[in-house]
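The structure appears right after this line, and notes come after that.
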Amino acid sequence: MNKSYIWSLPTRVFHWLFTVIILIAFLTDDDKLLFYHAIAGYSIFILLMFRFSWGYIGPKFSKFKDFDLNIKSVKSFIKSLFIKDSEYLGHNPLASYVMISMLIITTLIVITGVFTYGIEEKKGILSFLGYSFLKDFKSMDNIHEFFANLLLFLIGLHLIGIVIDKLLHKQKATLKSIFTGYKISNSSINIKLNLFQKLFAFLMFVLLISFLIFNIIKPDNRLVVFNNINKNITTITT
């Protein structure tokens, strides 16, 4: 058995930032914490921009073309689930479906969240919608919540998959690989990042950190609080 380096540092950092910020988003889903909820939402959007781009320009195993979405592969994977020597270096077929679904659903959560924030709270980049014909449209929040619950379901499937893999294929060190990047395999494959990939990952990380610092320095910014229309109306009436 060999150690194969399959998850690059940017991939692992994305995974844990994505996990932590999604947790923060769920914990701040309260009227009194909407400011932090909005920041978490925009932060997730930045992470999604990275991951969707990484799916095309990233290293092997992180690319979308390496996600096995073939139905026959899914059936074959299920049949070989209890075979100790079965091996998938990257995402197995079922995990591929779950991961792609999580990325898509999270994107829909962010989009509906921005709309809800603008329509119901009259805040953020779509605050003008709160004064439009959509001002009485209260179903957007229900749609947002529906996708959030769907994400919870997918997260549950992901965790179940981790537990099953831990029980049936402990020797592969799949769970440990998201910390170290290394997975035990029959072959020996080691990915390497080129200069462009390293630079892109670094710039996206800087963008995320800069966004968070920006919200600390200017908490009343256009993205999360600023409501220009409301200010204009107040000025006119006074």
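The values are calculated or read from the model by the stated rules, or taken from the named source; none is laboratory data. Because the structure is predicted, anything quoted here is derived from the model rather than measured. Using ideal geometry, Cβ is built from the backbone for each residue, glycine included, and neighbour counts are taken over all protein chains shown. For the accessible areas, the whole protein counts, side chains as well, though only heavy atoms, and no ligand, DNA or RNA atoms are used. Shrake-Rupley method; radii C 1.70, N 1.55, O 1.52, S 1.80 Å.
For every helix of n ≥ 4 consecutive DSSP H residues, a contribution of -39,500 (n - 2.57) applies; sum these over the chain, divide by its total residues, and give [θ] at 222 nm rounded to the nearest 500 deg cm²/dmol.
Details: 8 runs with 150 residues, N = 238.
Estimated from H runs of four or more residues: -21500 deg cm²/dmol.
Under a GNM of the chain (C-alpha, springs under 10 Å), which listed residue has the highest mean-square fluctuation: 195, 23, 47?
Of 195, 23, 47, the Gaussian network model singles out 195 as fluctuating most.
Could you work out the relative contact order of the chain, using alpha carbon pairs under 8 angstrom and six or more residues apart, expressed as a whole percent? Mind showing how you got there, number by number?
Working: 260 pairs, mean separation 73.3, N = 238.
Result for the chain is 31 percent.
Any chance you could check the Cα centroid distance between segment 46-113 and segment 13-30 for me, in angstrom?
Using only Cα atoms, the two centres lie 19 Å from each other.
Distance check, please: which entries in 65/198; 72/166; 72/198; 79/170; 192/218; 166/198 exceed 27 angstrom between their Cα atoms?
72/198; 192/218; 166/198
For segment 95-227, place one equal point scatterer on every Cα, skip the solvent, and apply the Debye formula. What is log10 of I(q)/I(0) at q = 0.15, 0.19 Å⁻¹?
-0.99, -1.15
How many percent of the accessible area of the chain is carbon or sulfur, using a 1.4 Å probe? Please list the in-between numbers first.
Values: 9630 of 13880 Å².
The C+S portion of the solvent-accessible surface of the chain is 69 percent.
Quick one: what Rg and Dmax do you get for segment 1-130 from the alpha carbons, in Å?
Cα-based Rg and Dmax for segment 1-130 come out at 18.2, 60 Å.
Which trypsin sites (Lys or Arg not before Pro) does segment 40-105 hold that lie in a coil by DSSP with at most 11 other beta carbons within 10 Å?
Details: sites: 51, 60, 63, 65, 72, 75, 79, 84; in loops: 60, 63, 84.
For trypsin sites (Lys or Arg not before Pro) across segment 40-105 that sit outside H, G, I, E and B with at most 11 neighbouring Cβ atoms in 10 Å, the list reads 84.
Within the P(r) computed for segment 1-45, what percentage of the Cα pairs occupies the region above 14 Å? Mind dumping the intermediate values first?
Numbers: 556 of 990 pairs.
Roughly 56 percent, rounded to a whole number.
Roll a 1.4 Å probe over the protein chains and send me the accessible area per residue for segment 1-159 in Å². All intermediate terms of the calculation are to be shown ahead of the outcome.
Working: 8500 Å² over 159 residues.
Counting only protein heavy atoms, the per-residue value for segment 1-159 is 53 Å².
Give the angle, between 0 and 90 degrees and rounded to the nearest 10, that separates the Cα long axis of helix 195-217 from the longest principal axis of the Cα atoms of the chain.
Once rounded, one gets 30 degrees.
I'd like the orientation of helix 9-27 relative to the chain: the angle between its Cα long axis and the longest Cα principal axis, in ° from 0 to 90, rounded to 10.
Once rounded, one gets 50 degrees.
Given the Cα atoms of the chain, and with Rh set as the inverse mean 1/r over their pairs in the Kirkwood sense, what is Rg to Rh to two decimals?
Working: Rg = 21.0 Å, Rh = 19.9 Å.
The Rg/Rh ratio comes out at 1.05.
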